[in-house]
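The block underneath contains the structure these notes are about, expressed in C-alpha coordinates.
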Amino acid sequence: MNTDIVLSVENLTKYYPGVVALDHVSFDIKRGEVHALLGENGAGKSTLIKAVAGAIEPDEGTIRIGKDSYGKISPRESREHNIEVIFQEFNLVPTLTVAENILLGDKRGKLVNFKEMRRVAKELLGSLGIKIDPDRLVRELTPAQQELVEISKAIAKDVKLLIMDEPTAPLTMHETELLFKIIEKLKKDGVTIIYISHRMEEIFKICDRVTVMRDGKYIRTLDISKTDREELIQLMVGRKLETDYPVRDCIKDETVLEVENLAGNGVSDISFSLKKGEILGIAGLVGSGRTEIIRVLYGAEPADHGSIRVNGKAVHIKKVTDAIRLGFGLIPEDRKAQGLFLNMDIKWNIVFNSIRSISKHGVVNEGREKELADAYCTKLRIKTPSLNQKTVNLSGGNQQKVVLAKTLAQNAGIVIFDEPTRGIDVGAKQEIYLLMNEMVEDGKSIIMISSDMEELLGMSDRIVVLSEGKQAGTVEKEKFSQEYILNLASGE
(Lines give C-alpha, C1' and ligand atoms only; values in the text may rest on other atoms or scores of the structure.)
Protein backbone atom coordinates (compact mmCIF):
# COMPACT_ATOMS: atom_id res chain seq x y z
CA MET A 1 0.00 0.00 0.00
CA ASN A 2 1.37 3.41 -1.04
CA THR A 3 1.73 5.39 2.21
CA ASP A 4 0.91 8.58 0.28
CA ILE A 5 -2.58 7.20 -0.41
CA VAL A 6 -5.01 7.74 2.47
CA LEU A 7 -8.12 6.39 0.71
CA SER A 8 -8.78 4.43 -2.46
CA VAL A 9 -11.90 2.86 -3.96
CA GLU A 10 -11.72 0.02 -6.47
CA ASN A 11 -14.64 -0.98 -8.72
CA LEU A 12 -17.12 0.49 -6.25
CA THR A 13 -20.66 -0.26 -7.44
CA LYS A 14 -24.11 0.50 -6.02
CA TYR A 15 -27.48 -0.38 -7.53
CA TYR A 16 -30.86 1.16 -6.71
CA PRO A 17 -34.17 0.17 -8.36
CA GLY A 18 -33.87 1.35 -11.97
CA VAL A 19 -30.59 3.20 -11.32
CA VAL A 20 -26.87 2.36 -11.25
CA ALA A 21 -25.73 5.00 -8.76
CA LEU A 22 -22.07 3.87 -8.84
CA ASP A 23 -20.69 1.95 -11.81
CA HIS A 24 -17.31 0.32 -10.99
CA VAL A 25 -15.69 3.53 -9.76
CA SER A 26 -11.94 3.49 -8.98
CA PHE A 27 -9.61 6.32 -7.87
CA ASP A 28 -7.48 7.36 -4.88
CA ILE A 29 -6.98 10.28 -2.50
CA LYS A 30 -3.49 11.43 -1.48
CA ARG A 31 -2.61 12.22 2.10
CA GLY A 32 -2.83 15.94 2.99
CA GLU A 33 -4.45 17.08 -0.26
CA VAL A 34 -7.70 18.93 -0.92
CA HIS A 35 -9.32 16.71 -3.55
CA ALA A 36 -12.35 18.01 -5.45
CA LEU A 37 -15.13 15.63 -6.48
CA LEU A 38 -17.09 17.07 -9.42
CA GLY A 39 -20.14 15.93 -11.32
CA GLU A 40 -23.70 16.84 -12.17
CA ASN A 41 -26.53 15.93 -9.81
CA GLY A 42 -26.99 12.18 -10.04
CA ALA A 43 -23.34 11.61 -11.00
CA GLY A 44 -22.84 9.43 -7.90
CA LYS A 45 -20.84 11.79 -5.65
CA SER A 46 -23.13 11.59 -2.62
CA THR A 47 -23.52 7.80 -3.01
CA LEU A 48 -19.73 7.45 -3.05
CA ILE A 49 -19.16 9.41 0.15
CA LYS A 50 -22.02 7.60 1.89
CA ALA A 51 -20.30 4.30 1.05
CA VAL A 52 -16.99 5.57 2.52
CA ALA A 53 -18.80 6.81 5.64
CA GLY A 54 -20.59 3.49 6.11
CA ALA A 55 -24.03 5.04 5.59
CA ILE A 56 -24.77 2.62 2.72
CA GLU A 57 -23.39 -0.76 1.64
CA PRO A 58 -21.90 -1.01 -1.87
CA ASP A 59 -22.94 -4.02 -3.93
CA GLU A 60 -19.45 -4.58 -5.35
CA GLY A 61 -15.93 -3.24 -4.96
CA THR A 62 -13.37 -2.44 -2.27
CA ILE A 63 -12.71 0.53 0.02
CA ARG A 64 -9.09 0.82 1.22
CA ILE A 65 -8.19 3.09 4.13
CA GLY A 66 -4.54 2.96 5.05
CA LYS A 67 -3.66 -0.74 5.37
CA ASP A 68 -7.26 -1.90 5.85
CA SER A 69 -9.59 -3.12 3.10
CA TYR A 70 -13.39 -3.36 3.25
CA GLY A 71 -16.05 -4.78 0.98
CA LYS A 72 -18.43 -2.78 3.11
CA ILE A 73 -17.47 -0.49 5.98
CA SER A 74 -19.59 0.26 9.03
CA PRO A 75 -20.10 3.81 10.42
CA ARG A 76 -18.10 2.77 13.52
CA GLU A 77 -15.17 1.52 11.43
CA SER A 78 -15.23 4.70 9.37
CA ARG A 79 -15.10 6.84 12.53
CA GLU A 80 -12.27 4.70 13.93
CA HIS A 81 -10.27 5.80 10.89
CA ASN A 82 -11.05 9.41 11.90
CA ILE A 83 -13.24 9.99 8.86
CA GLU A 84 -15.88 12.70 9.27
CA VAL A 85 -18.48 13.72 6.71
CA ILE A 86 -20.37 17.01 6.52
CA PHE A 87 -23.43 16.12 4.46
CA GLN A 88 -25.72 18.62 2.73
CA GLU A 89 -28.38 17.59 5.24
CA PHE A 90 -27.19 18.70 8.66
CA ASN A 91 -26.62 16.05 11.33
CA LEU A 92 -27.27 18.27 14.33
CA VAL A 93 -29.65 18.01 17.30
CA PRO A 94 -31.85 21.16 17.09
CA THR A 95 -32.85 21.11 20.78
CA LEU A 96 -29.24 21.05 22.05
CA THR A 97 -26.84 23.98 22.30
CA VAL A 98 -23.99 24.68 19.91
CA ALA A 99 -21.47 23.44 22.50
CA GLU A 100 -23.44 20.24 23.16
CA ASN A 101 -23.62 19.50 19.42
CA ILE A 102 -19.92 20.14 18.84
CA LEU A 103 -18.87 17.77 21.63
CA LEU A 104 -21.68 15.24 21.26
CA GLY A 105 -20.22 11.77 21.87
CA ASP A 106 -17.05 13.11 23.52
CA LYS A 107 -15.66 10.45 25.86
CA ARG A 108 -13.36 12.44 28.15
CA GLY A 109 -15.30 11.39 31.25
CA LYS A 110 -18.29 9.41 32.44
CA LEU A 111 -20.12 12.54 33.61
CA VAL A 112 -20.80 15.56 31.44
CA ASN A 113 -18.99 18.67 32.64
CA PHE A 114 -21.09 21.37 30.98
CA LYS A 115 -18.78 24.18 32.06
CA GLU A 116 -15.79 22.42 30.49
CA MET A 117 -17.84 21.55 27.40
CA ARG A 118 -18.72 25.20 26.91
CA ARG A 119 -15.10 26.27 27.44
CA VAL A 120 -13.75 23.77 24.89
CA ALA A 121 -16.42 24.68 22.33
CA LYS A 122 -15.85 28.42 22.79
CA GLU A 123 -12.09 27.95 22.43
CA LEU A 124 -12.53 25.85 19.26
CA LEU A 125 -14.97 28.31 17.69
CA GLY A 126 -12.62 31.18 18.53
CA SER A 127 -9.60 29.42 17.02
CA LEU A 128 -11.57 28.99 13.77
CA GLY A 129 -12.77 32.59 13.74
CA ILE A 130 -16.42 31.55 14.10
CA LYS A 131 -18.52 34.07 16.04
CA ILE A 132 -21.37 31.95 17.39
CA ASP A 133 -22.49 31.83 21.03
CA PRO A 134 -21.85 28.24 22.27
CA ASP A 135 -24.94 28.52 24.51
CA ARG A 136 -27.37 29.13 21.64
CA LEU A 137 -29.75 26.35 20.64
CA VAL A 138 -29.02 24.97 17.19
CA ARG A 139 -32.65 25.42 16.11
CA GLU A 140 -32.18 29.19 16.51
CA LEU A 141 -29.29 29.31 14.03
CA THR A 142 -29.39 30.17 10.34
CA PRO A 143 -28.42 27.44 7.82
CA ALA A 144 -25.02 29.15 7.41
CA GLN A 145 -24.36 29.12 11.14
CA GLN A 146 -25.41 25.46 11.34
CA GLU A 147 -22.92 24.65 8.57
CA LEU A 148 -20.12 26.25 10.61
CA VAL A 149 -21.20 24.26 13.68
CA GLU A 150 -21.05 21.04 11.60
CA ILE A 151 -17.49 21.90 10.56
CA SER A 152 -16.50 22.65 14.17
CA LYS A 153 -18.07 19.36 15.28
CA ALA A 154 -15.96 17.39 12.77
CA ILE A 155 -12.74 19.18 13.75
CA ALA A 156 -13.40 18.54 17.45
CA LYS A 157 -13.19 14.80 16.75
CA ASP A 158 -9.52 14.84 15.66
CA VAL A 159 -10.49 14.33 12.03
CA LYS A 160 -7.92 12.87 9.60
CA LEU A 161 -10.09 12.68 6.47
CA LEU A 162 -12.82 15.31 6.19
CA ILE A 163 -15.44 15.01 3.45
CA MET A 164 -17.42 18.19 2.72
CA ASP A 165 -20.54 17.97 0.53
CA GLU A 166 -21.45 21.43 -0.81
CA PRO A 167 -20.16 23.23 2.33
CA THR A 168 -20.53 26.75 0.91
CA ALA A 169 -24.09 26.27 -0.38
CA PRO A 170 -25.68 28.17 2.56
CA LEU A 171 -22.75 30.59 3.04
CA THR A 172 -22.27 34.17 1.89
CA MET A 173 -18.93 35.37 0.55
CA HIS A 174 -17.76 36.39 4.01
CA GLU A 175 -18.53 32.99 5.55
CA THR A 176 -17.03 31.27 2.49
CA GLU A 177 -13.73 33.12 2.97
CA LEU A 178 -13.78 32.02 6.62
CA LEU A 179 -14.31 28.40 5.51
CA PHE A 180 -11.34 28.63 3.13
CA LYS A 181 -9.12 29.84 5.99
CA ILE A 182 -10.29 26.87 8.08
CA ILE A 183 -9.51 24.48 5.20
CA GLU A 184 -6.03 25.98 4.81
CA LYS A 185 -5.42 25.52 8.55
CA LEU A 186 -6.61 21.89 8.42
CA LYS A 187 -4.39 21.18 5.43
CA LYS A 188 -1.34 22.55 7.30
CA ASP A 189 -2.28 20.25 10.19
CA GLY A 190 -2.13 17.24 7.84
CA VAL A 191 -5.87 16.71 7.38
CA THR A 192 -6.97 15.30 4.02
CA ILE A 193 -10.11 16.84 2.51
CA ILE A 194 -12.54 15.62 -0.13
CA TYR A 195 -14.38 18.71 -1.35
CA ILE A 196 -17.65 18.52 -3.29
CA SER A 197 -18.90 21.75 -4.84
CA HIS A 198 -20.67 23.00 -7.94
CA ARG A 199 -18.93 26.37 -7.65
CA MET A 200 -16.02 26.14 -10.05
CA GLU A 201 -14.18 29.20 -8.74
CA GLU A 202 -13.86 27.46 -5.35
CA ILE A 203 -12.35 24.34 -6.91
CA PHE A 204 -9.58 26.35 -8.55
CA LYS A 205 -8.98 28.41 -5.41
CA ILE A 206 -8.49 25.71 -2.77
CA CYS A 207 -8.11 22.26 -4.39
CA ASP A 208 -4.99 20.34 -5.47
CA ARG A 209 -6.59 17.65 -7.65
CA VAL A 210 -10.03 16.99 -9.06
CA THR A 211 -11.91 13.80 -9.93
CA VAL A 212 -14.85 14.07 -12.34
CA MET A 213 -17.82 11.66 -12.29
CA ARG A 214 -20.73 11.37 -14.73
CA ASP A 215 -23.80 9.11 -14.60
CA GLY A 216 -22.29 7.00 -11.80
CA LYS A 217 -18.99 6.46 -13.63
CA TYR A 218 -15.45 7.63 -12.99
CA ILE A 219 -14.36 9.94 -15.83
CA ARG A 220 -10.94 11.39 -15.02
CA THR A 221 -8.62 12.74 -12.30
CA LEU A 222 -6.59 15.88 -13.03
CA ASP A 223 -4.18 18.25 -11.31
CA ILE A 224 -5.95 21.59 -10.83
CA SER A 225 -2.90 23.38 -12.25
CA LYS A 226 -3.21 21.39 -15.50
CA THR A 227 -6.89 21.97 -16.33
CA ASP A 228 -9.37 24.81 -16.74
CA ARG A 229 -13.05 25.53 -16.19
CA GLU A 230 -14.11 24.72 -19.77
CA GLU A 231 -12.42 21.30 -19.74
CA LEU A 232 -13.96 20.34 -16.39
CA ILE A 233 -17.45 21.39 -17.47
CA GLN A 234 -17.18 19.36 -20.66
CA LEU A 235 -16.02 16.32 -18.68
CA MET A 236 -18.92 16.77 -16.24
CA VAL A 237 -21.78 17.29 -18.67
CA GLY A 238 -20.42 15.62 -21.80
CA ARG A 239 -21.29 18.69 -23.88
CA LYS A 240 -20.29 22.32 -24.33
CA LEU A 241 -22.40 24.91 -22.46
CA GLU A 242 -23.36 28.34 -23.66
CA THR A 243 -22.63 31.55 -21.73
CA ASP A 244 -23.33 31.41 -17.97
CA TYR A 245 -25.87 34.23 -17.76
CA PRO A 246 -28.19 34.47 -20.78
CA VAL A 247 -29.05 37.97 -22.03
CA ARG A 248 -32.63 39.31 -21.98
CA ASP A 249 -34.50 42.59 -22.37
CA CYS A 250 -38.11 42.14 -21.35
CA ILE A 251 -38.91 44.56 -18.49
CA LYS A 252 -42.26 46.31 -18.95
CA ASP A 253 -43.37 49.67 -17.53
CA GLU A 254 -46.12 47.92 -15.57
CA THR A 255 -45.44 47.64 -11.80
CA VAL A 256 -46.76 44.36 -10.38
CA LEU A 257 -45.61 44.69 -6.76
CA GLU A 258 -45.01 47.64 -4.42
CA VAL A 259 -43.70 47.10 -0.89
CA GLU A 260 -43.53 50.11 1.42
CA ASN A 261 -42.02 50.21 4.93
CA LEU A 262 -42.67 46.49 5.43
CA ALA A 263 -41.49 45.21 8.81
CA GLY A 264 -41.65 41.96 10.76
CA ASN A 265 -39.72 38.81 11.60
CA GLY A 266 -36.77 40.89 12.85
CA VAL A 267 -36.56 43.12 9.74
CA SER A 268 -37.77 46.72 9.53
CA ASP A 269 -38.84 49.31 6.94
CA ILE A 270 -38.16 47.55 3.65
CA SER A 271 -39.40 49.29 0.50
CA PHE A 272 -39.07 48.22 -3.13
CA SER A 273 -41.06 47.79 -6.34
CA LEU A 274 -41.08 45.01 -8.94
CA LYS A 275 -41.91 45.46 -12.60
CA LYS A 276 -43.42 42.94 -14.99
CA GLY A 277 -40.64 40.92 -16.62
CA GLU A 278 -38.02 42.00 -14.06
CA ILE A 279 -35.62 39.93 -11.94
CA LEU A 280 -35.05 41.81 -8.68
CA GLY A 281 -32.07 40.54 -6.68
CA ILE A 282 -31.83 40.72 -2.90
CA ALA A 283 -28.31 40.77 -1.45
CA GLY A 284 -26.97 40.72 2.09
CA LEU A 285 -24.74 38.82 4.47
CA VAL A 286 -26.03 36.01 6.69
CA GLY A 287 -28.34 37.57 9.29
CA SER A 288 -29.15 40.59 7.10
CA GLY A 289 -32.83 39.64 6.92
CA ARG A 290 -33.08 38.51 3.27
CA THR A 291 -35.12 35.36 3.88
CA GLU A 292 -36.86 36.87 6.93
CA ILE A 293 -38.55 39.70 5.00
CA ILE A 294 -39.52 37.38 2.15
CA ARG A 295 -41.30 35.12 4.66
CA VAL A 296 -43.29 38.15 5.80
CA LEU A 297 -44.14 39.04 2.19
CA TYR A 298 -45.22 35.44 1.53
CA GLY A 299 -47.40 35.26 4.65
CA ALA A 300 -45.27 32.68 6.47
CA GLU A 301 -44.52 35.23 9.22
CA PRO A 302 -46.74 38.12 10.46
CA ALA A 303 -46.07 41.72 9.42
CA ASP A 304 -45.66 44.36 12.13
CA HIS A 305 -46.49 47.22 9.78
CA GLY A 306 -46.14 48.36 6.20
CA SER A 307 -48.15 48.07 3.00
CA ILE A 308 -48.19 45.74 -0.02
CA ARG A 309 -49.79 46.49 -3.38
CA VAL A 310 -50.21 43.85 -6.09
CA ASN A 311 -51.03 45.19 -9.56
CA GLY A 312 -51.85 48.56 -8.00
CA LYS A 313 -54.29 47.18 -5.43
CA ALA A 314 -53.63 47.22 -1.68
CA VAL A 315 -53.63 43.66 -0.27
CA HIS A 316 -53.36 42.05 3.14
CA ILE A 317 -51.28 38.86 3.24
CA LYS A 318 -51.85 37.17 6.58
CA LYS A 319 -51.14 33.58 5.60
CA VAL A 320 -49.45 31.61 2.83
CA THR A 321 -52.73 30.75 1.11
CA ASP A 322 -53.38 34.49 0.72
CA ALA A 323 -50.05 34.87 -1.09
CA ILE A 324 -50.70 31.87 -3.37
CA ARG A 325 -54.18 33.22 -4.20
CA LEU A 326 -52.60 36.57 -5.16
CA GLY A 327 -50.20 34.84 -7.55
CA PHE A 328 -47.06 34.46 -5.42
CA GLY A 329 -44.87 31.37 -5.68
CA LEU A 330 -41.89 30.52 -3.44
CA ILE A 331 -38.87 28.30 -3.88
CA PRO A 332 -37.60 28.27 -0.25
CA GLU A 333 -33.99 28.14 0.90
CA ASP A 334 -34.55 24.99 2.97
CA ARG A 335 -36.06 22.63 0.40
CA LYS A 336 -36.33 19.66 2.77
CA ALA A 337 -38.08 21.38 5.69
CA GLN A 338 -40.16 23.91 3.75
CA GLY A 339 -40.39 22.85 0.11
CA LEU A 340 -41.03 19.11 -0.07
CA PHE A 341 -43.03 16.19 1.25
CA LEU A 342 -40.02 13.89 1.32
CA ASN A 343 -41.95 10.67 1.89
CA MET A 344 -44.42 11.39 -0.90
CA ASP A 345 -43.70 10.66 -4.56
CA ILE A 346 -42.42 13.16 -7.13
CA LYS A 347 -45.80 13.40 -8.86
CA TRP A 348 -47.59 14.43 -5.66
CA ASN A 349 -44.96 17.05 -4.81
CA ILE A 350 -45.09 18.66 -8.27
CA VAL A 351 -48.90 18.99 -8.39
CA PHE A 352 -49.46 19.87 -4.71
CA ASN A 353 -49.88 23.64 -5.17
CA SER A 354 -51.92 23.12 -8.34
CA ILE A 355 -54.29 20.47 -7.03
CA ARG A 356 -57.41 22.63 -7.49
CA SER A 357 -56.67 23.22 -11.16
CA ILE A 358 -56.68 19.46 -11.89
CA SER A 359 -59.64 18.55 -9.66
CA LYS A 360 -63.40 18.61 -10.10
CA HIS A 361 -65.82 18.35 -7.20
CA GLY A 362 -62.90 17.39 -4.95
CA VAL A 363 -61.75 14.51 -7.18
CA VAL A 364 -58.29 14.67 -8.78
CA ASN A 365 -58.11 13.98 -12.51
CA GLU A 366 -55.33 11.37 -12.52
CA GLY A 367 -54.64 11.86 -16.21
CA ARG A 368 -54.11 15.62 -15.80
CA GLU A 369 -52.07 14.96 -12.65
CA LYS A 370 -49.66 12.68 -14.52
CA GLU A 371 -49.57 14.99 -17.56
CA LEU A 372 -48.69 18.04 -15.42
CA ALA A 373 -46.06 16.23 -13.36
CA ASP A 374 -44.51 14.56 -16.41
CA ALA A 375 -44.30 17.88 -18.29
CA TYR A 376 -42.31 19.60 -15.55
CA CYS A 377 -40.21 16.54 -14.80
CA THR A 378 -39.15 16.55 -18.45
CA LYS A 379 -38.76 20.35 -18.64
CA LEU A 380 -36.38 20.43 -15.66
CA ARG A 381 -34.63 17.15 -16.53
CA ILE A 382 -35.34 15.61 -13.12
CA LYS A 383 -33.37 12.36 -12.99
CA THR A 384 -35.66 9.60 -11.75
CA PRO A 385 -36.74 6.15 -12.95
CA SER A 386 -40.39 7.00 -12.25
CA LEU A 387 -42.76 9.78 -11.16
CA ASN A 388 -43.77 7.39 -8.37
CA GLN A 389 -40.26 7.51 -6.87
CA LYS A 390 -40.27 8.91 -3.32
CA THR A 391 -38.69 12.37 -3.27
CA VAL A 392 -36.44 11.45 -0.34
CA ASN A 393 -34.55 9.06 -2.66
CA LEU A 394 -33.51 11.81 -5.10
CA SER A 395 -30.18 13.63 -5.05
CA GLY A 396 -30.15 17.09 -3.47
CA GLY A 397 -30.10 18.88 -6.82
CA ASN A 398 -33.01 16.85 -8.16
CA GLN A 399 -34.97 17.58 -4.99
CA GLN A 400 -34.40 21.29 -5.69
CA LYS A 401 -35.73 20.78 -9.20
CA VAL A 402 -38.91 19.19 -7.79
CA VAL A 403 -39.47 22.32 -5.63
CA LEU A 404 -39.00 24.43 -8.76
CA ALA A 405 -41.43 22.25 -10.69
CA LYS A 406 -44.08 22.56 -7.97
CA THR A 407 -43.87 26.36 -8.00
CA LEU A 408 -43.82 26.63 -11.80
CA ALA A 409 -46.79 24.27 -12.13
CA GLN A 410 -48.98 26.61 -10.07
CA ASN A 411 -48.41 29.31 -12.73
CA ALA A 412 -47.55 32.08 -10.25
CA GLY A 413 -47.06 35.61 -11.61
CA ILE A 414 -44.55 36.69 -8.95
CA VAL A 415 -42.01 33.97 -8.17
CA ILE A 416 -39.59 34.22 -5.23
CA PHE A 417 -36.37 32.24 -5.63
CA ASP A 418 -34.50 31.88 -2.32
CA GLU A 419 -31.07 30.46 -3.24
CA PRO A 420 -32.39 28.96 -6.52
CA THR A 421 -29.19 27.12 -7.50
CA ARG A 422 -28.00 26.02 -4.06
CA GLY A 423 -26.51 22.54 -4.45
CA ILE A 424 -27.21 22.42 -8.19
CA ASP A 425 -24.57 21.47 -10.75
CA VAL A 426 -23.27 23.77 -13.47
CA GLY A 427 -25.36 22.17 -16.23
CA ALA A 428 -28.59 22.39 -14.22
CA LYS A 429 -27.76 25.99 -13.24
CA GLN A 430 -27.70 26.97 -16.89
CA GLU A 431 -31.07 25.28 -17.38
CA ILE A 432 -32.55 27.19 -14.43
CA TYR A 433 -31.14 30.52 -15.67
CA LEU A 434 -32.68 29.89 -19.09
CA LEU A 435 -35.94 28.91 -17.39
CA MET A 436 -35.92 32.14 -15.34
CA ASN A 437 -35.39 34.12 -18.56
CA GLU A 438 -38.23 32.24 -20.20
CA MET A 439 -40.48 33.07 -17.23
CA VAL A 440 -39.83 36.82 -17.32
CA GLU A 441 -40.11 36.87 -21.12
CA ASP A 442 -43.57 35.32 -20.65
CA GLY A 443 -44.49 38.25 -18.38
CA LYS A 444 -43.75 36.79 -14.95
CA SER A 445 -41.65 38.66 -12.38
CA ILE A 446 -38.96 37.25 -10.11
CA ILE A 447 -37.50 38.16 -6.73
CA MET A 448 -34.19 36.32 -6.28
CA ILE A 449 -32.20 35.94 -3.07
CA SER A 450 -28.71 34.56 -3.63
CA SER A 451 -25.46 34.26 -1.70
CA ASP A 452 -23.64 33.78 -5.01
CA MET A 453 -22.49 37.28 -5.96
CA GLU A 454 -21.70 36.29 -9.56
CA GLU A 455 -25.23 34.92 -9.88
CA LEU A 456 -26.77 38.08 -8.42
CA LEU A 457 -24.80 40.35 -10.75
CA GLY A 458 -25.37 38.10 -13.75
CA MET A 459 -29.12 37.52 -13.40
CA SER A 460 -30.54 40.61 -11.67
CA ASP A 461 -31.92 43.78 -13.29
CA ARG A 462 -31.73 45.65 -9.95
CA ILE A 463 -30.47 44.62 -6.52
CA VAL A 464 -31.90 45.54 -3.12
CA VAL A 465 -29.18 45.33 -0.45
CA LEU A 466 -29.99 44.55 3.19
CA SER A 467 -27.73 44.97 6.21
CA GLU A 468 -28.54 43.90 9.78
CA GLY A 469 -32.29 43.79 9.21
CA LYS A 470 -32.55 47.11 7.38
CA GLN A 471 -32.41 48.30 3.79
CA ALA A 472 -28.94 49.59 2.90
CA GLY A 473 -29.74 50.63 -0.66
CA THR A 474 -31.03 49.72 -4.11
CA VAL A 475 -28.48 49.36 -6.92
CA GLU A 476 -29.37 49.88 -10.58
CA LYS A 477 -27.89 47.61 -13.29
CA GLU A 478 -25.47 50.25 -14.60
CA LYS A 479 -23.96 50.64 -11.12
CA PHE A 480 -23.49 46.92 -10.39
CA SER A 481 -20.19 46.29 -8.60
CA GLN A 482 -19.30 43.43 -6.31
CA GLU A 483 -17.24 45.72 -4.08
CA TYR A 484 -19.99 48.35 -3.85
CA ILE A 485 -22.70 45.81 -2.98
CA LEU A 486 -20.50 44.12 -0.36
CA ASN A 487 -19.73 47.50 1.19
CA LEU A 488 -23.46 48.26 1.45
CA ALA A 489 -24.14 44.78 2.87
CA SER A 490 -21.39 45.27 5.47
CA GLY A 491 -22.89 48.59 6.59
CA GLU A 492 -20.02 50.65 5.19
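The values are calculated or read from the model by the stated rules, or taken from the named source; none is laboratory data. No experiment lies behind these values; they were computed from the predicted model shown. Here Cβ is always computed from backbone atoms with ideal geometry, including for glycine, and neighbour counts include all displayed protein chains.
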Looking at I485 and the list (1) farther than 24 Å from L326 by Cα; (2) modelled with pLDDT of 85 or more; (3) in a loop (DSSP other than H, G, I, E, B), which single condition is not satisfied? (3)
Take the residues in the range 363-392 that are surrounded by fewer than 17 Cβ atoms within 10 Å (Cβ to Cβ) and within 16 Å of R335 (Cβ to Cβ), then tell me which one is modelled with the lowest pLDDT. V392
Strands (runs of 3 or more DSSP E) enclosed by the range 198-315 - at least 2 residues per element that are of a type in the set (D, E, K, R): 209-214, 217-223, 255-264, 267-275
Going by what's in this entry, would T211 be described as in contact with a strand residue (DSSP E or B) (Cβ under 6 Å, 6 or more places away or on another chain), modelled with pLDDT of 90 or more, among the polar types (S, T, N, Q) and under 26 Å from K45 (Cα atoms)? yes
Inspect all residues belonging to the range 122-140 and state whether any of them is more than 23 Å from the chain's Cα centre (by Cα), surrounded by fewer than 17 Cβ atoms within 10 Å (Cβ to Cβ), basic (K, R) and more than 28 Å from G289 (Cα to Cα). no
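Here is a yes/no grid of residues against (1) at pLDDT 90 or above; (2) of a type in the set (S, T, N, Q); (3) touching a strand residue (DSSP E or B) at 6+ places or on another chain (Cβ under 7 Å); (4) within 19 Å of V286 (Cβ to Cβ):
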site	(1), (2), (3), (4)
G427	no, no, no, no
Q430	no, yes, no, no
Y433	no, no, no, no
E441	yes, no, no, no
S445	yes, yes, yes, no
D452	no, no, no, yes
L466	yes, no, yes, yes
G469	yes, no, yes, yes
If we scan the range 328-336, do we find a residue that is closer than 20 Å to F272 by Cα, at pLDDT 90 or above and surrounded by fewer than 19 Cβ atoms within 10 Å (Cβ to Cβ)? no
Strands (runs of 3 or more DSSP E) within the range 4-121 that include 1 or more residues under 24 Å from K187 (Cα atoms), more than 29 Å from the chain's Cα centre (by Cα) and in contact (Cβ under 8 Å) with a residue 24 or more places away in the chain: 5-16, 60-65
Could you go through the range 181-194 and let me know if any residue there is closer than 16 Å to G39 by Cα, outside any helix (DSSP H, G or I) and in contact (Cβ under 8 Å) with a residue 24 or more places away in the chain. yes
With the requirement that a residue be touching a helix residue (DSSP H, G or I) at 6+ places or on another chain (Cβ under 9 Å), in contact (Cβ under 8 Å) with a residue 40 or more places away in the chain and of a type outside the set (D, E), what does the range 313-340 give you? I324, F328, G329, L330, I331, P332, R335, K336, G339, L340
From the list K160, K67, which residue is modelled with pLDDT of 90 or more, of a type in the set (K, R) and more than 19 Å from K45 (Cα to Cα)? K160
Subset of the range 82-96 that is in contact with a strand residue (DSSP E or B) (Cβ under 7 Å, 6 or more places away or on another chain) and either crowded, with 20+ Cβ neighbours inside 10 Å or modelled with pLDDT under 90 (or both) - its residue that is farthest from D334 (Cα to Cα): I83
Some residue of the range 146-165 being in contact with a helix residue (DSSP H, G or I) (Cβ under 7 Å, 6 or more places away or on another chain), loosely packed, with under 15 Cβ neighbours inside 10 Å and either outside any helix (DSSP H, G or I) or of a type in the set (F, W, Y) (or both): no
